[in-house]
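Have a look at the structure below before the remarks.
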Amino acid sequence: MKGNSSVVQSSQDGLHPQLDRVVQKHLETPWRQPLHRPSVDAFERLLELQDFSAMRIVLDSGCGTGASTRMMAARYPECVVVGVDQSASRLARLGLGELPAREGNALFVQAELATFWRLALQAGWRLARHYLLYPNPWPKGAHLLRRWHGHPVFPQMLALGGVLELRTNWPIYAYEFERALGQVCPGIEIKSEERASEAGWDGIETPFGRKYAHSGHRLYRVVAKLPD
Ligand SMILES: C[S@@+](CC[C@H](N)C(=O)[O-])C[C@H]1O[C@@H](n2cnc3c(N)ncnc32)[C@H](O)[C@@H]1O
């Protein structure tokens, strides 16, 4: 994927004014939206492929074409790495046929994340590492609830634990994510970084990260070890 992608345009020039209130509401009110049925079926088939009970699990949430998942599988050979995306067309580029499918210590599954994370939590998963690499930014102010930190699933996603890493090319997404993390997990140590490329970020690169870097965008990452 080559460069010339435009920078994220938004009327926001700082944190969304409703961010703290929205995160607090999601902390106080359990989210009851029904699960996405095809993702429930996909999760069940994934459990038939792999017994996760004694495994160290790395999750690549929104893995796209799975290039980053493959790098994680090589980087963490002692772990099972699960790449999840809702896009059948992106996942088809893996060339693995019907999903879920295994490739060495990597597993790939087509699922919607807000359902997948709740199912994983219910199944008792506690992650070693969790990557959220370049989620859709949803830069319109009205779309705050679609950004993962403004989404009602955010507290449950954080409950999966592990070392959580977010990457984005929109600085406001990174600042908001960091602030919301601190609100849900007070006192947690959070590391934020900005670079011109993903070089040096644990050897994990993604097609979108590469495309943004080639287009001259700054890349941001937020990393935190979540409480057990
Ligand atoms: C900008 S792309 C980044 C892909 C990849 N992580 C990368 O860096 O190259 C965002 C990805 O998130 C996926 N995605 C967005 N919302 C999702 C959701 N609710 N459930 C599952 N996947 C989702 C999209 O299908 C897309 O592949």
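Derivation of every value follows stated rules applied to the coordinates shown; laboratory data play no part. Quick caveat, the model's predicted, so the values are computed rather than measured. Note: ideal-geometry Cβ built from the backbone for every residue, glycine included; neighbour counts use all protein chains shown.
Multiplying the sequence separation of ARG102 and GLN50 by 0.36 nm and subtracting their Cα-Cα distance, what value in nm do you get?
17.8 nm
From zero outward in steps of 10 Å, how is the percent of C-alpha pairs of the chain spread across the bins?
Once binned at 10 Å, the Cα pair distances of the chain give 8, 33, 39, 19, 1.
What net charge do the residues around GLU112 carry, taking every other residue with its C-beta under 11 Å from that of GLU112, with Lys and Arg at +1 and Asp and Glu at -1?
Neighbourhood net charge equals +1.
How would you rank MET72, MET55, going from fewest to most other Cβ atoms within 10 Å of each one's own Cβ?
Neighbour counts put them in this order, fewest first: MET55, MET72.
Along the charge dipole of the range 36-225, Cβ charges K/R +1 and D/E -1, which of CYS63, TYR76, HIS214 sits furthest on the positive end?
So the residue furthest toward the plus end is HIS214.
For the range 176-222, which semi-axes, largest first and in whole Å, follow from the square roots of 5 times the eigenvalues of its Cα gyration tensor?
After scaling each eigenvalue by five and taking roots: 25, 11, 8 Å.
So what's the net charge close to LEU144: Lys and Arg +1, Asp and Glu -1, counting the other residues with Cβ under 13 Å from its Cβ?
Overall, the nearby charge balance is +4.
Within the chain, how many Lys pairs sit with Cα atoms under 23 Å apart, leaving out pairs fewer than 8 places apart on the same chain?
Counting lysine pairs in the chain gives 4.
Could you please rank VAL81, VAL109, VAL163, placing first whichever residue has the fewest other Cβ atoms within 10 Å of its Cβ?
With the sparsest Cβ surroundings first, the list reads VAL163, VAL109, VAL81.
Once you have the Cα-Cα distance between GLN9 and ALA92, take 0.36 nm times their residue separation minus that, and quote the gain in nm to one decimal.
Going from the current span to full extension adds 26.9 nm.
Hey, could you grab the Kirkwood Rh for the range 123-177? Inverse mean 1/r over distinct alpha carbon pairs, Å, one decimal.
Hydrodynamic radius (Kirkwood, Cα pairs) of the range 123-177 is 11.9 Å.
Only counting other Cβ atoms within 10 Å, I'd like ASP202, ASP41, ASP60 sorted with the fewest neighbours first.
ASP41, ASP202, ASP60
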